[in-house]
Amino acid sequence: MRDKYDILKNIFGYTEFRRGQEEVIDAILSRRDALAVMPTGAGKSLCYQIPALLMPGMTIVISPLISLMKDQVNALRESGCGAAFLNSSLTSAEYHNVVNAISCGEIKLLYIAPERLQKAAGLISGANVPMVVVDEAHCASQWGHDFRTSYLEIADFIQSGIFKTRPVTAAFTATATVKVRDDIEKILGLKKPFCITTGFDRPNLYFEVQKISEKRAALLACLQTRGELSGIIYCATRKAVEEVFELLVARGFSATRYHAGLADRERRKNQDDFLYDKKTVMVATNAFGMGIDKSNVSFVIHYNMPKNIESYYQEAGRAGRDGASADCILLYNGQDVQINKFLITHTEDENGADPKLVHHNLELLKYMTFYATTGDCLRKRLLEYFSDETAALCGHCSNCLTEFEDADVSLEGRKIVSCVYRLKERNRSFGKTMIIDILRGSKNEKIMSGGFTTLSTWGIMKDSKAQTIRAVIDFLIDEGILLLDDGEYPVLTMGNAGPLLRQEKPLVMKLPKDRHKPEPVETRLESKFNDQLAGEVDPVLLDQLKKLRREIATRESVPAYIVFADAALKDMCRKKPMSLVQFSGINGVGKVKLEKYGEMFVDAIRDYDLG
Ligand code: ADP
Ligand code: ZN
């Protein structure tokens, strides 16, 4: 009798479950609906793939992205499992192959795009379907970040009478807000689901924010240390993608690009170039990546700040899925806030989105901005957002590694607040830049024509750097002492400034002493996230194994990581298996892969050791 441990080892080649996986599997196997909230890279797929392989019949997996399906199906087939997908990318011959395989009972997992559910009903109606899986389930909620109307039809589909008995329904997402979770439960019609939210921390990720005006130079500096390491650069707009892409190509980086403005063919090709390691860097809008399971992405740089923390964490979380150290870097300046505001207030107006939603999204943007400007531990800020408990300092983010000094900025704070207050007396309010200009005694056009040189606060901070004043303003906003209004032009207004003005409490903030640059990923210690990863890896052997993997991948037309993840290759380098039995003990080697590739890799390792 096969059980979950057997499948874990023999199909997927792993020895232990990760946090939360076993509980979800058990719930599903006891025929209970489930809602699992786990961060990207936590291993959600296994939670439904294992029960699907154990239960009789064909599980249906509703998945929003073609690339995701293709990847998952490839990976399952590589491990010897009957899997297929139905989406618009299939030729009619391929479609008929799938239909045939279904009728022969060869398919254990069928991936379908939500838009195709109704069409597929006829095909499915005869089959025994023990479970319907809804991947990226937050797409059902308009409070999430990838709302799709087709997700609203899933509940009807499940209830529609196509199925003799109602299949178990299991929903998966990385989005943790209560609103979204409630929506998922309601909209998908889950019945008393087993709910689990696993910890959101990804210890192998290093977080960094760079507050800078000149992003191009900063980006190039970031890339310079990374050699052949694979990474994604996210930009807010298509235009920015084009600019950054051109810059990188001109500087000789192996880069490709992805955004909705490119023709389908080019998009697919570029994506494949990246997945198959033909290009090292992907420059993309957020259209790229949902469901991209490339495990060896070693950095994600945000060239622009995303709209909210959920999007940020999800996008950044595409780094380091193999458990190896990876970097998540945000390049921030104040313009990012303006661009996002524009996107939130304008794009959604056209769809007639309700003002409540716009307001909600602006609030989320505020949190994101706090993250970008805070002097606190970045990981703490992220995890707090997901209501995850954390230590006050993680020791593994740019803020923890920057030497800060506690600076008493009460005086600066009072000057800034007074300036806002004096303007208010004149029924005027302005954004940060103008406030800074007034405080520093600028005589620019706007200040002269507005007569602001007569303000008592004009020029009272003429010896302070604009950057420092800005940092204090951000801190005041963060503390609720000033408020940033959400009009078309964001202006500063008075918040809870009483205690500061009455000098009841000093205003102490962390100011960086000197920027500590982390070492590049390659030289940093590998994370303990994955125990198997501990220990030295011989880089020459690793190179050879990668070469072998590439040859196999090319021959089979799959991305290299589908053959073996980097983590598996590294495990081979450490354990140097000399026999098939030893090879079966490698992390990520199941039965099928053992039979298919064992000999090749053992030979390569033996040759290397003898040579
Ligand atoms: P998610 O969908 O949650 O983002 P995936 O299901 O794509 O994550 O899994 C991320 C990576 O972790 C994959 O490479 C997967 O093979 C690996 N993984 C999943 N479960 C385990 C496990 N129990 N042990 C080791 N690796 C695992
Ligand atoms: Zn930290």
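When we screen N308, N286, N296 for residues that are over 20 Å from V244 (Cα atoms) and within 13 Å of the chain's Cα centre (by Cα), the only hit is N308. Screening I586 with (1) modelled with pLDDT of 85 or more; (2) surrounded by fewer than 20 Cβ atoms within 10 Å (Cβ to Cβ); (3) not in a helix (DSSP H, G or I) gives one miss only, at (2).
Of the helices (runs of 4 or more DSSP H) lying entirely inside the range 368-465, those containing at least 2 residues that are closer than 30 Å to D327 by Cα span 378-385, 398-401. Of all the residues in the range 45-63, those that are open to solvent by 10 Å² or more (accessible area, probe 1.4 Å), more than 13 Å from ligand 1 (Cβ to nearest atom) and under 26 Å from the mean Cα position of the chain (by Cα) number 0. For F404, are the conditions met, namely being under 37 Å from the mean Cα position of the chain (by Cα), within 16 Å of ligand 1 (Cβ to nearest atom) and open to solvent by less than 60 Å² (accessible area, probe 1.4 Å)? For F404, the condition - under 37 Å from the mean Cα position of the chain (by Cα), within 16 Å of ligand 1 (Cβ to nearest atom) and open to solvent by less than 60 Å² (accessible area, probe 1.4 Å) - is not met. Scanning the range 409-429 for residues being crowded, with 21+ Cβ neighbours inside 10 Å and either closer than 17 Å to T454 by Cβ or touching a Cys at 6+ places or on another chain (Cβ under 8 Å) (or both) gives a total of 3.
V132: under 22 Å from G189 (Cβ atoms) and either open to solvent by 10 Å² or more (accessible area, probe 1.4 Å) or more than 16 Å from ligand 2 (Cβ to nearest atom) (or both), yes or no? Spelling it out, V132 is indeed under 22 Å from G189 (Cβ atoms) and either open to solvent by 10 Å² or more (accessible area, probe 1.4 Å) or more than 16 Å from ligand 2 (Cβ to nearest atom) (or both). Sub-6 Å Cβ pairs linking a first residue in the range 9-26 that is farther than 21 Å from G585 by Cβ to a second residue that is part of a loop (DSSP other than H, G, I, E, B) and more than 9 Å from ligand 1 (Cβ to nearest atom), at least 6 apart or interchain, are R19/T198; G20/T198, ordered by first then second residue.
Taking the range 64-83 as the range and being within 22 Å of the chain's Cα centre (by Cα), of a type in the set (D, E, K, R) and open to solvent by 20 Å² or more (accessible area, probe 1.4 Å) as the test, only K70 passes. Residues in the range 374-398 that are surrounded by fewer than 18 Cβ atoms within 10 Å (Cβ to Cβ) and more than 10 Å from ligand 2 (Cβ to nearest atom): E384, S387, D388, E389.
Between a first residue in the range 389-400 that is more than 20 Å from K211 (Cβ to Cβ) and a second residue that is open to solvent by 40 Å² or more (accessible area, probe 1.4 Å) and within 16 Å of ligand 1 (Cβ to nearest atom), which pairs have beta carbons less than 8 Å apart while being 6 or more apart in sequence or on different chains? Once the first residue is more than 20 Å from K211 (Cβ to Cβ) and sits in the range 389-400, its partners that are open to solvent by 40 Å² or more (accessible area, probe 1.4 Å) and within 16 Å of ligand 1 (Cβ to nearest atom) give T390/D201. Summed over the range 262-310, residues that are away from ligand 1 (no atom under 16 Å from the Cβ), part of a loop (DSSP other than H, G, I, E, B) and either in contact (Cβ under 8 Å) with a residue 60 or more places away in the chain or open to solvent by less than 30 Å² (accessible area, probe 1.4 Å) (or both) total 10. The set of residues in the range 14-44 that are at positive phi, surrounded by fewer than 23 Cβ atoms within 10 Å (Cβ to Cβ) and within 14 Å of ligand 1 (Cβ to nearest atom) comprises G20, G43.
The values are calculated or read from the model by the stated rules, or taken from the named source; none is laboratory data. Model, not experiment: these values are computed from the prediction. Positions of Cβ are backbone-derived with ideal geometry, glycine not excepted, and every protein chain shown enters the neighbour counts. Areas reflect the complete protein model, heavy atoms only, side chains present, ligands, DNA and RNA absent. Shrake-Rupley method; radii C 1.70, N 1.55, O 1.52, S 1.80 Å.
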